[in-house]
Amino acid sequence: MYEHNLKILKKYHPDLYNILIKDNEKSNINVVFNGNLLKINNLTCFSKYNPEKEAEKLIHKFEEEKSNIKDVVVFGFSNPFVIKKISEKYDTVIYIPDIYAFEEVLKFIDFSEIFKNVKKIVNNKKDIPFKEYEIFTLPVEKKIYENKLEEFYTDDKNYLKVLLVNPIYGGSLPIANYIAKNLNKFNIKLKVINSEIFHECLNYIKNIFSIKKFEINTTNSFLNFISDLILNEIEEFKPDVLFGVAQSPISVKVLNYCQSKGILKIFWFMEDYKLFTYWKEFAPFYDFYFTIQKDEFFNELKKIGVKNYYYLPVAAEPSVHKPLELTEEEKKYYGSTISFVGAGYYNRRMFFRNLIDYDFKIWGSDWEGEVILKDLIQENGRRITPEEYVKIFNASLINLNLHSSTYLPGVDLNGDFVNPRTFEIAATNSIQIVDRRKYLPELFKENEEILVFSDINELKNIINDIIKNPSKYREVAERGYKRVINEHTYEHRIIEIFNKIGFQLEKPSFLDGTPDFYFFKFNSIEEIADYINKKEKINDDEKIFLLMNELKKMYLK
Amino acid sequence: MGYKNLIFSEKPSTFNLQPSALVIQLARFGDILQTIPLLTNLKNRNFKISLLIDEKNFTLCNDLEIIDRVIPLKIGKFLTFLKNKDYKSCYFELYEFIKYLKNENFDFLINLNHSKINFIISELLDIPEKLGFKFSNKKFINYLYSIIGSNRKLNPFNLVDVFNYFIKDFKVIKLHINDKSFLKVDELPEKYIIIHPGAGHLLRVLNSEILTNFINIFLEQYKDFFIILTGSENEKNIGDGILKRINSDKILNFIGKTNYLQLKYLLKKCKLLISTDTGIMHLAASLNCNILALFYASAFPFETGPYTEKALVVTPNLECYPCTEFRHCNTLHCKELINEKVILNCCKVLLNNDKENKRFKNVIIYKPYFDEHGIYLKEKFGQFDKFYNDRLKNRIKGLQILKNV
């Protein structure tokens, strides 16, 4: 049988014949045949009773899913009945994912008719002669050659694998989530290490010991454990890029390992370098270091041997920070003439005492012990979620933004970087007044796109003017909104980061019905299920989404 | 060349000929126990059985010898992803799980829950033959639903038998589980009965006042007996409430203190279990214990009564009974009807084989019995059940439909 197959193969497909007669590497695929049933790795390749009818069914299903089929590439060789029928209808190429297993099959099954019918048989995707084609994956190959199939579907590996290590806590955590969300829009394969789950453990360690040295020992052991987890992910996922942000628990051990494996290391340090000084120990290990401050900080980075450092301000995430239609109840509850959302830093406590005569609501945490502003602090100073503060921005006439300082009583006149709140408020198309910052003018045109103040008198003048003439200032907010959407979103920042490292991000065009289409297009599982339920025919991926929706409905009521 | 005549060379076959069945049972503890006769029927036909369950029931299922493999659906993990809106991880975990099931190449699938979750999982698997809800005996199942939809009181089919009806030529097999595996509980009294006051739904929890009265009378009349209270961790308050009312060292409160294997040991040694429609009631049935089953509110014994003849089943005789779990009820009159006198009387029948013919107003006491089609209930005392004949007619008609299928 094998000789017969080879003879025909040589005549019609000499290229593959030449590959086949070489001493090919043995794969661990097990091919068994018992007279009328072919099994590969114990999977039945075609029906024992009526393989032709089965082939017709499979082809019919394929044709239902695709439209305007011209040329077909059959991925695999396990079902000759299907290949024959397809090659009778369409111009067909067979892609052989495993030469050794194919050779084994040729010992049992006569492929001569197929060899005559098909246009080409290849084992390299580049050799496929069609420009556009539909891929028909045989069921057995779908199970056995999953990785090869994935590579086959992905065009010449035009993607990067990125491992993002989330911070354990802090303001950089939501930013890490926005980064992940935006990375997923591009030709990036992303895996996220959710380090935030360890926050509670670390707090526990902090509180349980009475003697400091034990606390330090245990904390170090715990951080070492996290490092090992990250190393485990690196070994398994094999990323091209390791991506960290401020407070990501990436140790020198991990960084050295990445260095040895040629993995590119990126860090976005979105903290004040004067307050958080751990960058000194870690920055030299990174290939690319992004910061929200420049000038003096750049000098410092240069001094310690960091080569690739870039200024990259934070931004807004328009899927979260957006204009909202609020109900009357929400407007009443979240709204006020002036609002502030943020933690109770020293300068804010001092400065806001000048505003107690206004209709002023203060939202956010860490206001404990505050007496003078007590009546203005909402809900006992509980932490406010992004969804809530977006409602506050939308409901307030004026959103006050004062960058924090732990030692100055008001505006830090030497403050340079711009905080996330600046972009977030602007992205909701709401009126904002922010304290002057050194880097603000290059991001927004002062008083044209954003209102600024340097002291309490200037602030009060602007507030009073807005109260008298709000429509004039709505236009400023509108311009600020446009600027954010056009230039200052996390999507823009991600593109900038990857441009710097020399990788061109592209947005894949997702086909309706694929998992990526749903991840990309919808925000909730209910929306996905609604969309799928309106379809006449659904595929297996879509059934999994429906299953997710049912699990949620049944158990998370 | 015709492909029907493909020429094959010979090679020794290494195929595994034992057919494999995937049984999907994602409901609660008690439902899994009610699946045992079906699983035994499959096992007797040399099936390799894999049971897909909610991970919560893993310990129980691991104890069931007839199952070759227990496959837990890690619902908790999926829910965490869904809560965090991490749809990508949830999707990929489920994808991997479905892939794993697909790769097992099962020959049969039997779906035992009427739930969309089960239907979708079943749809996703390319298994040659699918049975169970949505797939088999559709005429019979439609008939069953027509009864339940129009008047649930008239449903004569126990769930255990309905499961069995999904396969051809089933045999009525009693519930039985491995009684050799248990964890011994030390210092148990020689004679005791178990009361399990809690239930899966608040409507069905035993009335604490009636229970207290019963315990008082029982301990007075059965001086050499102890009472053991059982229940889960979150039912602790029920036991505490009873102990506050009764100060007796003859009550041992095991609520929240036993695991599954210890519970088996307690049941094995007890003289009687008093319970509503619960998992422990089915466990007791599978261990051949005496059972006094108190069915009221939404629980209906013709559907989910104990699958054993060693039991008495008490129900209220009220127009509104059985109700549904979703119904709000201000009176819960059905609970009050099954008072301490009724319970004590049934205890006497079960413990002393007392044949005294007592009647209680608006209460029906049934005795389960087996016939060739499964289990059924007959009235123990008197003839109060005015739906008895109609229900019996439905049973005959249903079995005829089944036979014709």
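The values are calculated or read from the model by the stated rules, or taken from the named source; none is laboratory data. Note that the structure is predicted; figures quoted are calculated from it, not measured. Don't worry about glycine lacking a Cβ; one is built from the backbone with ideal geometry, like all the others, and counts go over all protein chains shown.
Among the residues of segment B:160-192, the ones that are closer than 25 Å to B:Phe226 by Cβ, more than 22 Å from the chain's Cα centre (by Cα) and of a type in the set (D, E, K, R) come to 5 in all. A:Ser227 satisfies every condition listed in (1) touching a Ser or Thr at 6+ places or on another chain (Cβ under 7 Å); (2) at pLDDT below 90; (3) outside the structural domain of A:Ser87 (by TED's automatic domain parsing) except (2). Here the condition is being within 14 Å of chain B (Cβ to nearest Cβ) and either among the small types (Gly, Ala, Ser) or surrounded by 13 or more Cβ atoms within 10 Å (Cβ to Cβ) (or both); of A:Phe545, A:Phe503, it holds for A:Phe545 alone.
Whenever a residue of segment B:341-368 is touching a residue at least 60 places away in the same chain (Cβ under 8 Å), its partners that are buried (at least 16 other Cβ atoms within 10 Å of the Cβ) and part of a helix (DSSP H, G or I), lying with C-beta atoms within less than 7 angstrom and at least six residues away or across chains, give the pairs B:Ile343/B:Phe214; B:Leu344/B:Phe214; B:Leu344/B:Phe218; B:Cys347/B:Phe218; B:Tyr366/B:Pro301.
Within segment B:90-115, residues that are within 11 Å of chain A (Cβ to nearest Cβ) and surrounded by fewer than 21 Cβ atoms within 10 Å (Cβ to Cβ) sit with their Cβ atoms under 8 Å from residues that are part of a helix (DSSP H, G or I) and of a type in the set (Lys, Arg), at 6+ positions apart or across chains, in these pairs: B:Glu93/B:Lys77; B:Lys99/A:Lys143; B:Lys102/A:Lys143; B:Asn103/A:Lys143.
If I filter segment B:372-393 for residues that are in contact (Cβ under 8 Å) with a residue 24 or more places away in the chain, of a type in the set (Lys, Arg) and in a strand (DSSP E or B), do I get at least one hit? No, segment B:372-393 has no match at all. Name every residue in segment A:56-111 that is part of a loop (DSSP other than H, G, I, E, B) and closer than 17 Å to A:Tyr12 by Cβ, in order of residue number. Scanning segment A:56-111 gives A:Phe77, A:Ile96, A:Ile109, A:Asp110, A:Phe111.
Of the residues making up segment B:48-57, just one is touching a Pro at 6+ places or on another chain (Cβ under 7 Å) and surrounded by 21 or more Cβ atoms within 10 Å (Cβ to Cβ), namely B:Ile53. Looking for something within 22 Å of the chain's Cα centre (by Cα), assigned to a loop (DSSP other than H, G, I, E, B) and not aliphatic (A, V, I, L, M) - is there at least one such residue anywhere in segment B:335-346? For segment B:335-346, residues within 22 Å of the chain's Cα centre (by Cα), assigned to a loop (DSSP other than H, G, I, E, B) and not aliphatic (A, V, I, L, M): absent. For segment B:26-66, which positions are part of a loop (DSSP other than H, G, I, E, B), in contact (Cβ under 8 Å) with a residue 60 or more places away in the chain and within 23 Å of B:Tyr307 (Cα to Cα)? Across segment B:26-66, the qualifying residues are B:Leu26, B:Ala27, B:Arg28, B:Gln34, B:Thr35, B:Asp63, B:Leu64, B:Glu65.
Of the residues making up segment A:158-182, those that are under 20 Å from A:Ile495 (Cβ atoms) and at pLDDT below 90 are A:Asn158, A:Tyr159, A:Leu160, A:Lys161, A:Lys181. Would you confirm, using the coordinates I've provided, whether B:Leu131 is crowded, with 16+ Cβ neighbours inside 10 Å, at pLDDT below 90 and more than 14 Å from every other protein chain (Cβ to nearest Cβ)? When the stated conditions are applied, B:Leu131 does not pass them.
Residues of segment B:67-82 that are facing another protein chain (nearest Cβ under 10 Å) and either outside any helix (DSSP H, G or I) or in contact with a Gly (Cβ under 8 Å, 6 or more places away or on another chain) (or both): B:Leu73 alone. Contact annotation: residue pairs with Cβ atoms under 8 Å, 6 or more positions apart or on different chains, pairing a residue in segment A:354-375 that is under 11 Å from A:Ile338 (Cβ atoms) with a partner that is of a type in the set (Ser, Thr, Tyr) and in a strand (DSSP E or B), are A:Phe360/A:Ser339; A:Lys361/A:Ser339; A:Ile362/A:Ser339. Restricting A:Glu63, A:Glu134 to residues that are assigned by TED's automatic domain parsing to the domain that holds A:Leu38 and either small (Gly, Ala, Ser) or touching an Asp or Glu at 6+ places or on another chain (Cβ under 9 Å) (or both) narrows the list to A:Glu134. Criterion applied to B:Ser248, B:Ser208, B:Ser232 was being surrounded by fewer than 18 Cβ atoms within 10 Å (Cβ to Cβ), small (Gly, Ala, Ser) and under 30 Å from B:Asp63 (Cα atoms), and the one residue passing it is B:Ser232. For beta carbons closer than 9 Å, sequence separation of 6+ or different chains, a first residue in segment A:76-100 that is within 14 Å of another protein chain (Cβ to nearest Cβ) and a second that is in a loop (DSSP other than H, G, I, E, B) and polar (S, T, N, Q), the qualifying pairs are A:Phe81/A:Ser47. Segment A:312-431 holds no helices (runs of 4 or more DSSP H) entirely within its bounds that carry 2 or more residues that are at pLDDT 95 or above, among the hydroxyl-bearing types (Ser, Thr, Tyr) and exposed (fewer than 15 other Cβ atoms within 10 Å of the Cβ).
Quick one: which residue in B:Leu6, B:Leu42, B:Leu60 is buried (at least 17 other Cβ atoms within 10 Å of the Cβ) and modelled with pLDDT of 90 or more? I'd like the intermediate steps shown before the answer.
On the way: B:Leu6 fails: modelled with pLDDT of 90 or more; B:Leu60 fails: modelled with pLDDT of 90 or more.
Of the residues listed, the single one that is buried (at least 17 other Cβ atoms within 10 Å of the Cβ) and modelled with pLDDT of 90 or more is B:Leu42.
Taking every residue in segment A:169-186 that is in contact (Cβ under 8 Å) with a residue 40 or more places away in the chain and pairing it with any residue that is among the hydroxyl-bearing types (Ser, Thr, Tyr) and part of a helix (DSSP H, G or I), at least 6 positions away or on another chain, the pairs with Cβ-Cβ distances below 8 Å are A:Ile175/A:Tyr490; A:Tyr178/A:Tyr490; A:Ile179/A:Tyr490; A:Lys181/A:Tyr490; A:Asn182/A:Tyr490.
Among all positions in segment A:153-163, there is at least one residue which is among the aromatic types (Phe, Trp, Tyr), surrounded by 16 or more Cβ atoms within 10 Å (Cβ to Cβ) and not in a helix (DSSP H, G or I).
If only residues of segment A:1-59 that are in contact with a Leu (Cβ under 6 Å, 6 or more places away or on another chain) and crowded, with 17+ Cβ neighbours inside 10 Å are counted, the one that is farthest from the other protein chains (Cβ to nearest Cβ) is A:Tyr17. In a residue-by-residue description of segment A:519-526, the property of being at the interface with chain B (Cβ under 9 Å from one of its Cβ atoms) and of a type in the set (Phe, Trp, Tyr) applies to at least one position.
The condition of being part of a helix (DSSP H, G or I), acidic (Asp, Glu), out of contact with any helix residue (DSSP H, G or I) (no Cβ under 9 Å at 6 or more places or on another chain) and surrounded by fewer than 17 Cβ atoms within 10 Å (Cβ to Cβ) holds for only one of A:Glu196, A:Glu236, that being A:Glu236. Given the criteria in contact (Cβ under 8 Å) with a residue 24 or more places away in the chain and of a type in the set (Lys, Arg), does A:Lys521 qualify? So A:Lys521 does not fit the description; no. Applying the criterion of being farther than 24 Å from A:Lys181 by Cα and more than 11 Å from chain B (Cβ to nearest Cβ) to the residues of segment A:527-542, the residue that is modelled with the lowest pLDDT is A:Glu536.
Could you go through segment A:548-557 and let me know if any residue there is within 14 Å of chain B (Cβ to nearest Cβ), more than 21 Å from A:Phe423 (Cα to Cα), buried (at least 17 other Cβ atoms within 10 Å of the Cβ) and of a type in the set (A, V, I, L, M, F, W, C). Among the residues of segment A:548-557, at least one is within 14 Å of chain B (Cβ to nearest Cβ), more than 21 Å from A:Phe423 (Cα to Cα), buried (at least 17 other Cβ atoms within 10 Å of the Cβ) and of a type in the set (A, V, I, L, M, F, W, C), which makes the answer yes.
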